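As structure tokens, the structure follows; a few thoughts come after it.
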């Protein structure tokens, strides 16, 4: 059993740059991967899967490398506005 709380602990400085709470899962099979593979086959654009279960908020699923590019872009955009 793991400890409770966030899976990745960030320093206060890192939290300012990356304001996310991270929960990590490593499972043999997750159905959302099937949807992601389906999205990659549509065309050459960046795949995005939007999933929603009843009475819950929709979630967006993107490749982690692409997500980090988005974080870097937003970070650089904010830095340029100062």
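The numbers here are math on the coordinates, done by the rules we state, and not lab data. Quantities reported herein were computed from a predicted structural model and do not represent experimental measurements. As a convention, Cβ positions derive from the backbone with ideal geometry for all residues, glycine included, and neighbour counts pool all protein chains shown.
Mind listing whichever residues of the range 59-82 are outside any helix (DSSP H, G or I) and either within 13 Å of the chain's Cα centre (by Cα) or surrounded by 12 or more Cβ atoms within 10 Å (Cβ to Cβ) (or both)?
From the range 59-82, those outside any helix (DSSP H, G or I) are 59-63, 81-82; that's our starting set.
Within the range 59-82, 59, 60, 61, 62, 63 qualify.
Restricting attention to the range 26-47, the residues that are within 24 Å of residue 7 (Cα to Cα) and assigned to a loop (DSSP other than H, G, I, E, B) add up to 6. In the condition set (1) within 14 Å of the chain's Cα centre (by Cα); (2) outside any loop (DSSP other than H, G, I, E, B); (3) under 16 Å from residue 65 (Cβ atoms), residue 50 is compliant with all but (3). Remark: pairs (first residue in the range 14-35, surrounded by 10 or more Cβ atoms within 10 Å (Cβ to Cβ); second residue in a helix (DSSP H, G or I); Cβ separation under 9 Å; 6+ apart in sequence or on different chains) = 17/71; 17/75; 18/71; 18/75; 20/71.
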